[in-house]
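The next block holds one structure in the form of structure tokens; read it before the comments.
The values are calculated or read from the model by the stated rules, or taken from the named source; none is laboratory data. In this text, all values refer to a predicted model and were calculated from it rather than measured experimentally. Counting neighbours? That spans all protein chains shown, and the Cβs are built from the backbone with ideal geometry, glycine included. These area figures cover heavy atoms from the full protein model, side chains too; ligands, DNA and RNA do not enter into them. Shrake-Rupley method; radii C 1.70, N 1.55, O 1.52, S 1.80 Å.
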Amino acid sequence: MTGAPSCSDPVVLDEWHPIAALAEITPSIVHRTLLLGDSVSYTRTAAGDPLVWRSGNETSGDIAPASVVEPLATCVKYGYVWTTLGCPRRPLFDIPECDEPDRRTLNGGSIIVQTSAPRAVENFLDMGHFPFVHTGILGAEPRTEVLGTLYQSPGTRFTATGTTPSTPPDHPPQTELRTCNYDHVIQRRALRGRERTIREIG
């Protein structure tokens, strides 16, 4: 199916967007998702290569790559399939840690969340909700304060660093608290990463 995309923002259209974890895509079975308001179908070929296109009237079953007239550009990185509705002018961002030979990467599972991408990024940056929403895992009352936050914007990366008390999941909240430092990096408009370091507090 062709036609103008629902999104009219050229910057967003020309970005790479993740649509699924490669391990969760069953070969020859058509999956669907929404990308920037447009319905997109995807599968894996018999050789394991990802195939993405704007959805038509296809149903589950064998998909011959030659039958997809206008496949979308794709790339596989960090265990995910990425695609675009436009023409990316820059490569996908690097995560240097993923190139370390002793580093193990994995997909922790995918869930559906009824929200917008900017709101999801805002939620990850909001450390104040941790002890109330993630009680016993990322915090606990009465230690609800965010101890400090520093925002930086070096180059094209936006970094937000904050410290908040955290309760490890293997300890009851009343017996032990730790201080966690969260280093957020927003790589692109709707893509962010987070690094967490933990230290004991007296």
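Among the candidates 15, 58, the residue that is modelled with pLDDT under 85, assigned to a loop (DSSP other than H, G, I, E, B) and surrounded by 14 or more Cβ atoms within 10 Å (Cβ to Cβ) is uniquely 58. Scanning the range 22-38 for residues that are among the aliphatic types (A, V, I, L, M) and part of a strand (DSSP E or B) yields a total of 2.
Of all residues in the range 91-144, those that are assigned to a helix (DSSP H, G or I), open to solvent by 40 Å² or more (accessible area, probe 1.4 Å) and small (Gly, Ala, Ser) total 1. If the condition is being of a type in the set (S, T, N, Q) and within 26 Å of residue 181 (Cβ to Cβ), then the range 82-114 contributes 105, 107. Filtered by the rule that a residue be more than 24 Å from residue 36 (Cβ to Cβ) and touching a Gly at 6+ places or on another chain (Cβ under 9 Å), the range 99-127 gives 105, 106, 127.
Checked against the criterion of being free of Cβ contacts under 8 Å to residues at least 60 places away in the same chain and within 27 Å of residue 76 (Cβ to Cβ), the candidates 111, 95 yield just one match: 111. Taken over the range 18-32, residues that are without any contact (Cβ under 8 Å) to a residue 60 or more places away in the chain, among the β-branched types (Val, Ile, Thr) and surrounded by 15 or more Cβ atoms within 10 Å (Cβ to Cβ) amount to 2. Given the structure, is residue 161 modelled with pLDDT of 75 or more, of a type in the set (Ser, Thr, Tyr) and open to solvent by 30 Å² or more (accessible area, probe 1.4 Å)? So residue 161 does not fit the description; no.
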